[in-house]
Amino acid sequence: EETLFALNTNWDEFLKTYLDLTDNTAPETPTINGPNEGIPNQEYEFTLSADDTQGDNVCFYIEWGDGTFEWTDLDSSGEEIIVKHTWESKKSYEIKVKSIDQYCEKSDWSKLKINIPRGKMANENLLLSMFYRLINSILNLKTIFQQLE
(Lines give C-alpha, C1' and ligand atoms only; values in the text may rest on other atoms or scores of the structure.)
Protein backbone atom coordinates (compact mmCIF):
# COMPACT_ATOMS: atom_id res chain seq x y z
CA GLU A 1 0.00 0.00 0.00
CA GLU A 2 2.83 2.39 0.82
CA THR A 3 4.39 1.78 -2.59
CA LEU A 4 1.07 2.24 -4.37
CA PHE A 5 0.54 5.55 -2.57
CA ALA A 6 3.91 6.81 -3.83
CA LEU A 7 3.12 5.71 -7.38
CA ASN A 8 -0.47 6.95 -7.38
CA THR A 9 0.46 10.40 -6.08
CA ASN A 10 3.61 10.69 -8.23
CA TRP A 11 5.55 11.17 -5.00
CA ASP A 12 8.30 8.93 -6.42
CA GLU A 13 8.62 11.25 -9.45
CA PHE A 14 8.77 14.29 -7.18
CA LEU A 15 11.60 12.72 -5.14
CA LYS A 16 13.52 11.73 -8.27
CA THR A 17 13.26 15.28 -9.58
CA TYR A 18 13.98 16.93 -6.22
CA LEU A 19 16.98 14.68 -5.50
CA ASP A 20 18.10 14.76 -9.15
CA LEU A 21 17.92 10.95 -9.41
CA THR A 22 17.65 9.06 -12.68
CA ASP A 23 16.20 5.62 -13.24
CA ASN A 24 18.87 3.07 -12.44
CA THR A 25 19.96 0.59 -15.11
CA ALA A 26 21.82 -2.69 -14.69
CA PRO A 27 25.56 -2.82 -15.22
CA GLU A 28 26.90 -4.52 -18.33
CA THR A 29 27.32 -8.29 -18.43
CA PRO A 30 30.74 -8.97 -16.88
CA THR A 31 33.79 -10.23 -18.72
CA ILE A 32 35.61 -13.26 -17.31
CA ASN A 33 39.22 -13.89 -18.27
CA GLY A 34 41.05 -16.99 -17.08
CA PRO A 35 42.13 -20.49 -18.00
CA ASN A 36 39.85 -22.99 -19.73
CA GLU A 37 41.73 -26.00 -18.38
CA GLY A 38 43.50 -26.99 -15.21
CA ILE A 39 44.29 -29.79 -12.78
CA PRO A 40 42.59 -30.70 -9.50
CA ASN A 41 43.69 -29.01 -6.27
CA GLN A 42 45.49 -26.15 -8.01
CA GLU A 43 44.36 -22.55 -7.47
CA TYR A 44 43.48 -20.55 -10.60
CA GLU A 45 43.01 -16.80 -11.07
CA PHE A 46 40.20 -15.15 -12.99
CA THR A 47 39.86 -11.47 -13.85
CA LEU A 48 36.37 -9.96 -13.76
CA SER A 49 35.20 -6.55 -14.91
CA ALA A 50 31.96 -4.78 -15.77
CA ASP A 51 31.06 -1.21 -16.64
CA ASP A 52 28.04 0.56 -15.24
CA THR A 53 26.74 3.20 -17.66
CA GLN A 54 25.85 5.45 -14.72
CA GLY A 55 29.22 4.98 -13.06
CA ASP A 56 27.77 3.15 -10.05
CA ASN A 57 30.03 0.91 -8.01
CA VAL A 58 29.81 -2.76 -8.95
CA CYS A 59 30.28 -6.10 -7.21
CA PHE A 60 30.19 -9.64 -8.59
CA TYR A 61 28.28 -12.77 -7.67
CA ILE A 62 30.18 -15.89 -8.78
CA GLU A 63 28.93 -19.48 -8.99
CA TRP A 64 31.95 -21.73 -9.43
CA GLY A 65 30.06 -24.74 -10.82
CA ASP A 66 31.06 -27.03 -7.95
CA GLY A 67 28.28 -25.97 -5.58
CA THR A 68 30.22 -23.04 -4.12
CA PHE A 69 29.66 -19.32 -4.67
CA GLU A 70 31.31 -16.04 -3.79
CA TRP A 71 30.51 -12.31 -3.54
CA THR A 72 33.14 -9.67 -4.17
CA ASP A 73 33.24 -6.24 -2.54
CA LEU A 74 31.86 -3.16 -4.30
CA ASP A 75 34.47 -1.56 -6.53
CA SER A 76 34.51 1.20 -9.12
CA SER A 77 32.75 0.65 -12.42
CA GLY A 78 35.10 -0.94 -14.96
CA GLU A 79 37.75 -1.90 -12.41
CA GLU A 80 39.35 -5.32 -12.90
CA ILE A 81 38.92 -7.67 -9.96
CA ILE A 82 41.00 -10.83 -9.49
CA VAL A 83 39.33 -13.84 -7.86
CA LYS A 84 40.82 -17.28 -7.20
CA HIS A 85 39.32 -20.74 -7.01
CA THR A 86 40.38 -24.38 -6.66
CA TRP A 87 38.44 -27.40 -7.89
CA GLU A 88 39.01 -30.75 -6.18
CA SER A 89 37.47 -33.16 -8.69
CA LYS A 90 38.25 -33.84 -12.32
CA LYS A 91 35.24 -32.65 -14.30
CA SER A 92 34.07 -29.87 -16.59
CA TYR A 93 32.70 -26.87 -14.68
CA GLU A 94 30.75 -23.80 -15.77
CA ILE A 95 31.65 -20.58 -13.99
CA LYS A 96 28.75 -18.09 -13.94
CA VAL A 97 29.12 -14.42 -12.96
CA LYS A 98 26.64 -11.55 -12.55
CA SER A 99 27.57 -7.92 -11.98
CA ILE A 100 25.43 -6.00 -9.51
CA ASP A 101 25.52 -2.25 -8.97
CA GLN A 102 25.30 -0.45 -5.64
CA TYR A 103 21.52 -0.07 -6.11
CA CYS A 104 21.05 -3.83 -6.62
CA GLU A 105 20.45 -3.82 -10.39
CA LYS A 106 21.74 -7.12 -11.82
CA SER A 107 23.27 -7.92 -15.20
CA ASP A 108 22.75 -11.06 -17.23
CA TRP A 109 24.98 -14.06 -16.55
CA SER A 110 28.41 -14.31 -18.09
CA LYS A 111 29.75 -17.87 -18.41
CA LEU A 112 33.11 -19.57 -18.81
CA LYS A 113 33.78 -23.31 -18.97
CA ILE A 114 36.84 -24.85 -17.36
CA ASN A 115 37.87 -28.47 -17.78
CA ILE A 116 39.70 -30.10 -14.88
CA PRO A 117 41.00 -33.39 -16.33
CA ARG A 118 43.16 -35.93 -14.53
CA GLY A 119 45.89 -34.38 -12.48
CA LYS A 120 49.46 -34.39 -13.73
CA MET A 121 50.41 -37.08 -11.21
CA ALA A 122 47.59 -39.35 -12.39
CA ASN A 123 48.78 -38.96 -16.00
CA GLU A 124 52.36 -39.77 -14.98
CA ASN A 125 51.18 -42.86 -13.09
CA LEU A 126 49.20 -43.96 -16.14
CA LEU A 127 52.29 -43.65 -18.35
CA LEU A 128 54.40 -45.60 -15.85
CA SER A 129 51.75 -48.29 -15.70
CA MET A 130 51.64 -48.57 -19.50
CA PHE A 131 55.46 -48.73 -19.65
CA TYR A 132 55.50 -51.47 -16.99
CA ARG A 133 52.93 -53.51 -18.97
CA LEU A 134 55.00 -53.10 -22.15
CA ILE A 135 58.16 -54.35 -20.41
CA ASN A 136 56.23 -57.33 -18.99
CA SER A 137 54.88 -58.15 -22.46
CA ILE A 138 58.41 -58.04 -23.93
CA LEU A 139 59.72 -60.29 -21.16
CA ASN A 140 56.84 -62.73 -21.71
CA LEU A 141 57.57 -62.80 -25.45
CA LYS A 142 61.25 -63.45 -24.72
CA THR A 143 60.29 -66.39 -22.50
CA ILE A 144 57.98 -67.80 -25.19
CA PHE A 145 60.71 -67.53 -27.87
CA GLN A 146 63.23 -69.23 -25.58
CA GLN A 147 60.80 -72.11 -25.06
CA LEU A 148 60.30 -72.46 -28.83
CA GLU A 149 64.03 -72.83 -29.49
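The values are calculated or read from the model by the stated rules, or taken from the named source; none is laboratory data. All values derive from a computational prediction rather than experimental measurement. Here the Cβ is made from the backbone with ideal geometry for all residues, glycine too, and neighbour counts use every protein chain on show. In case anyone asks, the SASA skips ligands and DNA or RNA and just uses the protein heavy atoms, side chains included. Shrake-Rupley method; radii C 1.70, N 1.55, O 1.52, S 1.80 Å.
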Mind listing the long-range amide H neighbours of Gln102? Cut-off is under 5 Å, sequence gap 5 or more, other chains count too, H placed in the peptide plane at 1.01 Å from N.
-> Asn57
In square nanometres, what is the average projected area of the Cα convex hull of the stretch 11-88?
-> 6.5 nm²
Going residue by residue through the stretch 44-49, the Karplus relation 6.51 cos²θ - 1.76 cosθ + 1.60 with θ = phi - 60° gives ³J(HN,Hα) values, rounded to whole Hz and with x marking Gly or Pro, of 10, 9, 10, 9, 10, 7
R0 = 22 Å: FRET efficiency of Thr25 with Phe69, Cβ-based, nearest 0.05?
-> 0.35
Net charge near Ile95 (other residues with Cβ under 10 Å of its Cβ; Lys, Arg +1; Asp, Glu -1) is 0
Of all accessible heavy-atom area on the stretch 21-70, the percent that carbon and sulfur account for (1.4 Å) | 44 percent
